[in-house]
Amino acid sequence: MNIWDNKTAAWPVANPILTCASITDSGFPSNFVADPFLYSQGDILYLFFETKNPITMQGDIGVARSNDDGATWEQLGVALDEDWHLSHPYVFDYNRQIYMMPDGGERGDTRLYRAVGFPLQWKLEKIILERPLVDAFIIQHGENYWIFGSDPSRGTNGGFEIWYSSTPFGPWTPHRKNPISGVRNGGRPFSYNGNLYRLGHDENVLVFKIEVLTTDSYKEVRVDLGMEKPTKGKNAWNGARSHHLDVQGLRTGQWIAVADGDRTLFGDVTSRRVIGCSLILAAGLLVFFVGLLFGFVKCFFPLTHNIKRRNDALLVWERLKLRLRWNQVSSFLRGKINPTTFVGKFVFTILLIATIAIISVGFGYIYGGNGAEKPYPVNDHFSQFTLLAMTYDARMWNLKMYIKHYSRCASVREILVVWNKGKPPDPSEFNSMVPVRIRVEEQNSLNNRFRIDPLIKTKAVLELDDDIMMNCDDLERGFKIWRETPERLVGFYPRLVTGPPPLKYRPEKHARSHNGYNMILTGAVFIDRQEAFERYWSKEAEPGRKMVDEVFNCEDVLMNFLYANATPSGPSVEYIKPAWAIDTSKFSGVAISGNTQAHYRVRSRCLERFTELYGGLTDRKVEFGRRKDGWDQ
């Protein structure tokens with residue numbers, strides 16, 4: 001938490017820190033990662049994990065390295081690759097040697113490997129059990145070494161077993177109470193305050209306190225894990241499941257943990273394709289039915305021309321009767337639903353809309369992924385931003401809907417509400433998946449939008465008016481572009497300032513007709529909260545702030561001038577086109593700038609004044625469609 005990494009544009013670093021995509025980008029193809037285990041050497045952390053090779057379709061053991069306590073990871077490659085599937089790379093020390101006990105259940109045994117060139121070179125040391133154990137680990141407790149694992153032949157949670165020996169190499173003796181009632185292991189066991197804890201899992205990680213562990217008896221009780229469950233559902237990287245956790249204490253006295261997670265349940269892709277293909281097939285049948293109903297398609301039952309036997313004659317007779325019956329039915333329906341009448345046109349329209357809807361939903365199931373609004377990585381890393389909205393008491397209806405919607409976006413860390421007027425609400429009134437903070441202002445001023453706030457814990461702030469609704473993916477795209485160009489104002493509403501004087505403030509339609517913009521509205525814009533807020537509250541910006549208070553307008557115009565003035569060359573603004581956006585103030589009737597023409601006239605006055613103070617904008621025009629990704633079309 002709160003670790004910043006300038007090289008990866010992660011301010012702060014956010015989970016997940018490793019994905020199959022980031023591994024593939026590093027030159028090691030992967031389509032699945034799971035079962036992470038940490039190993040520390042001094043100040044260096046190593047991460048061993050299962051990675052599924054998309055070519056061989058089997059699991060290998062990958063390894064990565066971190067020199068900054070897990071904030072960033074360097075992919076080192078594949079540490080162990082056998083001719084069978086490997087997972088669960090449990091790494092531990094014994095007699096100054098480093099060993100790994102991976103899960104290789106397909107081989108039918110349990111194997112111990114020793115590092116001969118850590119971390120990438122491993123040698124088979126011994127087959128310690130002539131039977132497979134799933135998700136197994138070895139620990140020393142008391143005078144014995146203990147193996148905890150599950151027999152795969154007994155089902156998911158029916159074969160939990162314990163074995164003991166005087167050394168990790170055996171011989172191993174089964175516990176007297178095997179098989180023991182318990183769930184499969186879900187990571188490395190750990191000791192804390194003199195107690196031993198075992199991690200297990202179903203689809204989520206569970207923790208058990210081991211109260212009794214002897215050769216004759218075993219007892220564990222479930223306790224609270226103490227980790228917050230993901231609140232954003234499928235929009236969280238681990239929203240669907242998380243079945244592994246490795247917790248370790250560092251030399252500094254701090255604790256670090258690594259967990260795996262997924263957005264989708266097992267088998268989700270297959271089920272979505274089956275449902276999608278079924279819907280498209282149903283839509284095809286509906287189209288065929290509509291064609292028959294309205295006479296666009298003729299149903300033809302072929303008759304046999306070469307009749308050689310009595311059975312052939314009967315077959316022809318049955319087909320003829322079927323054709324006559326269908327013709328009677330279709331004639332009856334066409335008589336009732338004539339496509340040239342109002343009723344016929346209405347029925348045709350309804351069936352057409354239903355067909356299009358079914359096809360759209362079907363393709364959505366096939367190509368739409370899991371429906372989660374996934375964040376976009378920059379340099380294979382993720383980050384988070386603070387969402388800021390300035391409002392007052394008359395706009396509570398907007399605000400509640402706003403917070404409920406945007407709190408579920410993947411990269412939103414906190415929502416800050418700048419309360420300008422009226423009795424402030426209690427944060428508990430909102431249905432939010434992230435913390436909501438209310439900052440009450442003493443004066444009703446538009447300048448409050450950019451007030452310096454040391455409690456903001458992210459570099460990025462999305463200034464987004466509470467009457468703007470757009471989808472989370474648009475926010476994530478804008479956040480990605482801003483992380484690549486944090487020195488710019490990156491937003492969703494372009495405007496054009498035209499000259500020579502008198503300067504005119506022009507809307508997006510005019511900007512598009514002239515193929516360019518030189519201003520971005522700060523009602524929907526990503527900014528660097530330190531750079532932007534300090535510029536806005538500098539001594540130089542004081543005359544501009546006074547005019548904002550005088551006209552109760554133009555705070556976003558002022559910010560654009562300040563950015564342009566601080567950017568000697570190149571664009572100071574960047575436009576991202578949203579897929580859709582809705583202005584909810586049109587429904588609530590509480591728009592701040594209701595009279596558009598009067599609003600534009602005031603802004604044109606601001607342009608003249610700010611040009612005198614900070615220089616012009618007319619020569620800073622940026623063309624639409626210059627981005628290769630097409631996000632500014």
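Here are a few things to note about the model shown:
- Surface per residue (accessible, 1.4 Å probe) for the chain, Å²: 49 Å²
- Residue order for 145, 517 - accessible surface, 1.4 angstrom probe, largest first: 145, 517
- Residue among 213, 422, 382 farthest towards the positive dipole end of the chain, charges placed on Cβ: 422
- Electrostatic dipole magnitude of region 210-250 [Cβ: Lys, Arg +1; Asp, Glu -1; Cα centre; debye, to 20]: 400 debye
- Ordering 462, 76, 33 by the projection of their Cα atoms onto the charge dipole of the chain, which places +1 on the Cβ of Lys and Arg and -1 on the Cβ of Asp and Glu, puts 462 at the extreme positive end.
- Of the cross-linked pairs 539/628; 423/509; 400/621; 404/457; 234/459, those separated by over 28 Å at the C-alpha level are 539/628; 423/509; 400/621.
- Estimated [θ] at 222 nm from DSSP helical runs (n ≥ 4, -39500 (n - 2.57)) normalised by residues in the chain, nearest 500: -8500 deg cm²/dmol
- Between region 399-423 and region 612-633, the alpha-carbon center distance in angstrom: 29 Å
- Largest-first ordering by accessible area, 1.4 Å probe, given options 128, 44: 44, 128
- Remark: region 605-620, residue by residue, has Karplus-estimated 3J(HN,Hα) of 4, 4, 4, 4, 5, 5, 5, 4, 7, 10, x, x, 10, 4, 8, 10 Hz, where x stands for each Gly or Pro and the curve is 6.51 cos²θ - 1.76 cosθ + 1.60 at θ = phi - 60°.
- Unit charges on C-beta of K, R, D, E only; dipole of region 424-516, Debye: 580 debye
- Peptides 459-468, 195-204 ordered by packing proxy, namely the average of other Cβ atoms within 10 Å per residue, highest first: 459-468, 195-204.
- Overall form of the chain per C-alpha gyration tensor (a/c, 1.5; a/b vs b/c): oblate
- Counting protein heavy atoms only, the chain has 53 percent of its accessible area on carbon and sulfur, 1.4 angstrom probe.
- Using the Cβ-Cβ distance between residue 167 and residue 457 with R0 set to 56 Å, the FRET efficiency from 1/(1 + (r/R0)^6) comes to roughly 0.70.
- Approximating the spin labels as points 7 Å out from Cα along Cα→Cβ, the residue 343-to-residue 567 distance works out to 6.3 nm.
- Among 364, 20, 105 the positive-end extreme of the charge dipole of the chain (Cβ point charges): 364
- Cα centroid separation - region 210-275 against region 129-155, whole Å: 20 Å
- Across 438, 353, 582, the residue with the most accessible area heads the list, and the full order at a 1.4 Å probe is 353, 582, 438.
- Label-point gap, in nm, between residue 469 and residue 397 - each point 7 angstrom along Cα→Cβ: 1.2 nm
- With DNA, RNA and ligands ignored, accessible area of residue 277 (1.4 Å probe; Å², nearest 10): 80 Å²
- Using the Cβ-Cβ distance between residue 176 and residue 252 with R0 = 41 Å, the FRET efficiency computed as 1/(1 + (r/R0)^6) comes to roughly 0.50.
- Pairs of alpha carbons in region 457-534 whose separation is greater than 17 Å (percent): 52 percent
- Placing +1 on each Lys and Arg Cβ and -1 on each Asp and Glu Cβ, with no other charges, gives the chain a dipole about its Cα centre of roughly 3140 debye.
- Region 395-406 - phi-based ³J(HN,Hα) in whole Hz, Karplus 6.51/-1.76/1.60, Gly and Pro as x: 10, 4, 4, 4, 5, 5, 5, 4, 5, 4, 6, 6
- Rg/Rh ratio calculated on Cα atoms of region 77-166 (Kirkwood radius): 0.96
- Put simply, when 1-8, 447-454, 35-42 are sorted by average Cβ atoms within 10 angstrom per residue, most first, you get 35-42, 447-454, 1-8.
- Cα gyration tensor shape for region 465-584, rounded if a/c is under 1.5, else prolate or oblate: rounded
- Under 25 Å from the Cα of residue 219 - lysines, other chains or at least 8 residues apart: 177, 209
- Long-range amide H partners of residue 164 with built H, under 5 Å: 147, 173, 175
- Residue-wise HN-Hα coupling along region 532-544, computed from phi with Karplus coefficients 6.51, -1.76, 1.60 (Hz; x: Gly, Pro): 5, 5, 5, 5, 5, 9, 6, 4, 4, 8, 4, x, x
- Shape category assigned to region 1-58 from the gyration tensor of Cα positions, a/c cut at 1.5: oblate
- Region 69-109 and region 544-586 have Cα centres separated by 53 Å.
The values are calculated or read from the model by the stated rules, or taken from the named source; none is laboratory data. Quick caveat: nothing in here was measured; it's all calculated off a predicted structure. Virtual Cβ from ideal backbone geometry, glycine too; neighbours counted across all protein chains shown. Accessible surface is based on the protein model in full, side chains and every heavy atom, while ligands, DNA and RNA are left aside. Shrake-Rupley method; radii C 1.70, N 1.55, O 1.52, S 1.80 Å.
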